[in-house]
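A quick write-up on the structure given underneath.
The values are calculated or read from the model by the stated rules, or taken from the named source; none is laboratory data. Small disclaimer: the values here were computed from a predicted structure and weren't measured. Virtual Cβ from ideal backbone geometry, glycine too; neighbours counted across all protein chains shown. For accessibility, only protein heavy atoms count, side chains too; no ligands or nucleic acids. Shrake-Rupley method; radii C 1.70, N 1.55, O 1.52, S 1.80 Å.
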Amino acid sequence: RITNVRLIGPEEPLIEGESSANIISDGTGIITSVQWMKDNSPLSPSNSIIFSSDNRSVSIRLVQRSDSGEYQCTYSNPISSGTAKLSLIINCEC
């Protein structure tokens, strides 16, 4: 059974074009798949979005305002799943 799924994100304010963000997932149980979403759509790797080799963390290089939103990670196995959510707010130095 998968339990205690959580996301750990940056604690300092994120500044558009200056900050990078790491989101780390954690949980207990036998995890056979890890799925990431942002604002209810699948989160895909890009030049600025990098997944770790085990898919359990995401790095966003030089955040943009479009990176603001709700990030969600789901751990699953054939009999159980668990989901955690984290909101990121990107500030603009306008």
Quiz item: Charges only on Cβ, +1 for Lys and Arg, -1 for Asp and Glu: so what's the dipole of the chain about the Cα centre, in debye to the nearest 20?
Solution: 440
Exercise. Just grab the label-to-label distance for T32 and N77, each label 7 Å out from Cα along the Cβ direction, in nm (one decimal).
Key: 0.9
Practice problem: Determine the percent antiparallel among the DSSP beta bridges restricted to the chain, to the nearest 5. | Solution: 95
Practice problem: Over the chain, calculate the relative contact order: mean separation of alpha carbon pairs under 8 Å at least 6 apart, over the residue count, as a percent. | Solution: 38
Exercise. With the full set of protein chains in place, find how many percent of the accessible area of the chain is carbon and sulfur; take the probe as 1.4 Å.
Key: 47
Quiz item: Which whole-number value in Å² is the accessible area per residue of the chain, probe 1.4 Å?
Solution: 60
Self-check item: Sequence ranges 79-87, 36-44, 20-28, ranked by mean other-Cβ count within 10 angstrom, highest first
Solution: 20-28, 79-87, 36-44
Exercise. Give me the net charge of E93's neighbourhood, meaning all other residues with Cβ under 9 Å from the Cβ of E93; Lys, Arg count +1, Asp, Glu -1.
Key: -2
Quiz item: If the chain between E12 and S41 were fully stretched, how many nm would it gain, using 0.36 nm times the residue separation less the Cα-Cα distance?
Solution: 7.9 nm
